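Enquirer: Mind looking over this structure? Questions follow.
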Amino acid sequence: MDRVCIIRVSTAMEHNPYEEPKTSQIKDMFGIQDSSDGSDLIRKFVVAETEPLEIATLTDNGYVLEPPNLIVPAGTVVYDDIPDDLARAVLGFPDPSDKGALLLGNVVGSSGTPVALNANVVLPRHVLIVGSTGTGKSWLLGKIAEQLHERGLRMINIDIHGEMNRATEQMGGKVYVPGKDLKVPLSSLAEPEILGMVPVQHDLHIDILTKAVINLKAGKTKFGIGDLKSEAIRVGESYGAKQNTLDIISARIDQLGQIPFIGQGLDWKAALSESGTIVNIDCRMLPQSQLQLVVAAITRDVYNARRTGAIPPLVMAIDEAHLFLPATDKAETATVLSQLIRMGRHIAFGLILVSQTPGDLDKSITKITNTRFIFAIEPSELSSIYGALSDAPPEIVKGIPRMKSGTCLLVGNRETVRHATVFEVGGRSTHHGGETPTMLR
Ligand SMILES: Nc1ncnc2c1ncn2[C@@H]1O[C@H](COP(=O)(O)OP(=O)(O)OP(=O)(O)O)[C@@H](O)[C@H]1O
Ligand SMILES: [Mg+2]
């Protein structure tokens, strides 16, 4: 074999004239063995619908791949098996023994090729995981976390359901609960976020507070409730405000102290000091209104820490990503996450977004993610990501809503996953916390 055309089979049908309904019935009646296992029956054959993927030429230095720009003549021998190294080359997967290979499962089909993704290439270009409820998204996220941990990569997981707590502990990581052992400094919140939390209505009060926040933000250093109070008083005095006004503003700013998640921020450098660390942020107890503020503040802090080189390369995963990057209204988190997703590749900071409803996700962000895992999903949601399915053939796309749990379509581009492929996500060694409990006990 010097030169072969690699084809992808999307549907296949057996033609077997030896097993027509009538002949099968007669064989059954007389107890004659059927021919379904016979491989040497000359009129029996399989018709497969295929699509050429690559032309591969074997050289002394491995395979050279080219786009399939020639016609394969009729009568050419067809092999139904493909050597593992060739399958890997065609799909763009690294050798599973490579240091940066993330092993996630096996390709569905006769080859069973291991699905290995190159962490260095895939992660900084961001990942999207979508699928209906109970299809295997969180399982896969846990599998990715195990692989990152094994390869010594750091991960922060925004855990909306607290389902990665046990796995995190099993991997020697740390679970933080916002409002309990994770607080965010006031300076990590955006100006409208701070103003929205201080209950002032009077125009003068709002003006003083706004100016104080702007001044502190311009200082670009960390500040807390006490600093905001002093600055507001200073601004108030410069405006000639009466003592009464200053007292009201001080009292209102003091009320920020009652918000449980505001305080000294986490020392991200220390929290992520060990290689392979996973930090799980259990957000179960946060009401929706605070969830966005906290996630936005954490993202800002971590993004800035990475940008300035204070922390090593890392991955951040966000479940229910549509809450933070919604298609319609502007969420507090959207600005910072969009910035992160655009800059991530340059600063080795990867984002993994998980969603049940990609139709509710900001389309411009979905487009930027490069590697996508698509689990079984409603046709209406699937239509929202049609443009994001790379070269997946229509027959495979049609089958997505019926894929079984734990099986997904993997797509990317020539740098990451060269050709769309369906694979089964592999087993987990850590606890999966997203089980579906039984209703009846
Ligand atoms: N690769 C897999 N191997 C074995 N079991 C799996 C696999 N993927 C999923 N499962 C099973 O399916 C169940 C649901 O999977 P999972 O929790 O990952 O769903 P999900 O897509 O995250 O759903 P939701 O959107 O509701 O969070 C798991 O509890 C597990 O039992
Ligand atoms: Mg889940």
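The values are calculated or read from the model by the stated rules, or taken from the named source; none is laboratory data. Not measured: the values here are computed from a predicted model. In this analysis, Cβ positions are derived from the backbone assuming ideal geometry, glycine residues included, and neighbour counts consider all displayed protein chains.
Enquirer: Among the candidates G92, G109, G105, single out the residue that is in contact with a His (Cβ under 8 Å, 6 or more places away or on another chain) and small (G, A, S).
Expert: Checking each option against the conditions leaves just G92.
Enquirer: I'd like to know if the stretch 170-187 contains one or more residues that are of a type in the set (A, V, I, L, M, F, W, C), within 15 Å of ligand 2 (Cβ to nearest atom) and either more than 23 Å from T438 (Cα to Cα) or at pLDDT 95 or above (or both).
Expert: No: the stretch 170-187 contains no residue that is of a type in the set (A, V, I, L, M, F, W, C), within 15 Å of ligand 2 (Cβ to nearest atom) and either more than 23 Å from T438 (Cα to Cα) or at pLDDT 95 or above (or both).
Enquirer: So E320 ticks every box in (1) on the phi > 0 side of the Ramachandran plot; (2) in contact with a Gly (Cβ under 6 Å, 6 or more places away or on another chain) but one. Which box is left unticked?
Expert: Here E320 meets the rest and fails (2).
Enquirer: Could you check the stretch 1-82 for strands (runs of 3 or more DSSP E) lying wholly inside it with 3 or more residues that are among the charged types (D, E, K, R)?
Expert: 3-15, 45-59
Enquirer: Now, a different point. Identify, from the list I156, I160, the residue that is within 14 Å of ligand 1 (Cβ to nearest atom) and within 25 Å of Q288 (Cα to Cα).
Expert: Being within 14 Å of ligand 1 (Cβ to nearest atom) and within 25 Å of Q288 (Cα to Cα) holds for just one of I156, I160, which is I160.
Enquirer: Can you give me the number of residues within the stretch 328-356 that are farther than 11 Å from T299 by Cβ, under 17 Å from the mean Cα position of the chain (by Cα) and surrounded by fewer than 19 Cβ atoms within 10 Å (Cβ to Cβ)?
Expert: 4
Enquirer: So, one more: Checking D34 against (1) in contact with a Lys or Arg (Cβ under 7 Å, 6 or more places away or on another chain); (2) closer than 24 Å to A89 by Cα: exactly one of these is not met. Which one?
Expert: (2)
Enquirer: Quick check on the stretch 354-371. Is at least one of its residues closer than 24 Å to W268 by Cα and more than 16 Å from ligand 2 (Cβ to nearest atom)?
Expert: no
Enquirer: Checking E381 against (1) part of a helix (DSSP H, G or I); (2) away from ligand 1 (no atom under 16 Å from the Cβ); (3) touching a residue at least 40 places away in the same chain (Cβ under 8 Å), which test does it fail?
Expert: Of (1) part of a helix (DSSP H, G or I); (2) away from ligand 1 (no atom under 16 Å from the Cβ); (3) touching a residue at least 40 places away in the same chain (Cβ under 8 Å), only one is false for E381: (2).
Enquirer: Any residue in the stretch 124-143 that is at pLDDT 95 or above and part of a loop (DSSP other than H, G, I, E, B) sitting within a Cβ distance under 8 Å of a residue that is within 8 Å of ligand 1 (Cβ to nearest atom) and among the charged types (D, E, K, R)? List the pairs, counting only those 6 or more apart or interchain.
Expert: G131/K137
Enquirer: Would you mind telling me which numbered condition in (1) surrounded by fewer than 21 Cβ atoms within 10 Å (Cβ to Cβ); (2) in a helix (DSSP H, G or I); (3) of a type outside the set (F, W, Y); (4) not assigned by TED's automatic domain parsing to the domain that holds G142 L216 fails?
Expert: (1)
Enquirer: Next question, about the same structure. Going by the structure shown, is S111 outside any helix (DSSP H, G or I) and at pLDDT below 95?
Expert: Details: outside any helix (DSSP H, G or I): yes; at pLDDT below 95: yes.
Spelling it out, S111 is indeed outside any helix (DSSP H, G or I) and at pLDDT below 95.
Let's see how each residue does on (1) of a type in the set (G, A, S); (2) exposed (fewer than 12 other Cβ atoms within 10 Å of the Cβ):
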| residue | (1), (2) |
| --- | --- |
| N16 | no, no |
| T23 | no, no |
| I26 | no, yes |
| I32 | no, yes |
| A74 | yes, yes |
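Enquirer: Scan the stretch 203-213 residue by residue and report those that are in contact (Cβ under 8 Å) with a residue 40 or more places away in the chain and either out of contact with any helix residue (DSSP H, G or I) (no Cβ under 7 Å at 6 or more places or on another chain) or surrounded by fewer than 17 Cβ atoms within 10 Å (Cβ to Cβ) (or both).
Expert: First, the residues of the stretch 203-213 that are in contact (Cβ under 8 Å) with a residue 40 or more places away in the chain: 204-205, 208-209.
Correct list: L204 only.
Enquirer: I would also like to ask the following. What's the number of the condition Q147 fails, among (1) free of Cβ contacts under 8 Å to residues at least 12 places away in the same chain; (2) within 30 Å of I311 (Cα to Cα); (3) within 16 Å of ligand 1 (Cβ to nearest atom); (4) not β-branched (V, I, T)?
Expert: Of (1) free of Cβ contacts under 8 Å to residues at least 12 places away in the same chain; (2) within 30 Å of I311 (Cα to Cα); (3) within 16 Å of ligand 1 (Cβ to nearest atom); (4) not β-branched (V, I, T), only one is false for Q147: (1).
Enquirer: Moving to a separate point now. So, in the stretch 283-295, how many residues would count as being crowded, with 23+ Cβ neighbours inside 10 Å and touching a Phe, Trp or Tyr at 6+ places or on another chain (Cβ under 8 Å)?
Expert: Number satisfying all stated conditions: 3.
Rundown of residues vs (1) basic (K, R); (2) over 21 Å from P260 (Cβ atoms); (3) in the same structural domain as T416 (by TED's automatic domain parsing), yes/no style:
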| site | (1), (2), (3) |
| --- | --- |
| G142 | no, yes, yes |
| N165 | no, no, yes |
| P178 | no, no, yes |
| G196 | no, no, no |
| T221 | no, yes, no |
| I225 | no, no, no |
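Enquirer: If you don't mind, there's one more thing I want to ask. Exactly one condition in (1) of a type in the set (D, E); (2) touching a residue at least 24 places away in the same chain (Cβ under 8 Å); (3) farther than 20 Å from Y79 by Cα is false for E20; which is it?
Expert: Status for E20: all satisfied but (2).
Enquirer: If you scan the stretch 107-144, which residues turn out to be more than 11 Å from ligand 1 (Cβ to nearest atom) and of a type in the set (S, T, N, Q)?
Expert: Passing the criteria: S110, S111, T113, N118, N120.
Enquirer: Every residue in the stretch 122-137 that is among the charged types (D, E, K, R) and within 15 Å of ligand 2 (Cβ to nearest atom), please. Spell out the reasoning first.
Expert: If we filter the stretch 122-137 for residues that are among the charged types (D, E, K, R), which is where we start, we get 125, 137.
Within the stretch 122-137, K137 is the sole residue that qualifies.
Enquirer: Is there a residue being at pLDDT 90 or above, within 16 Å of ligand 2 (Cβ to nearest atom) and of a type in the set (D, E, K, R) anywhere in the stretch 409-428?
Expert: Checked against the condition, which is being at pLDDT 90 or above, within 16 Å of ligand 2 (Cβ to nearest atom) and of a type in the set (D, E, K, R), the stretch 409-428 yields at least one hit.
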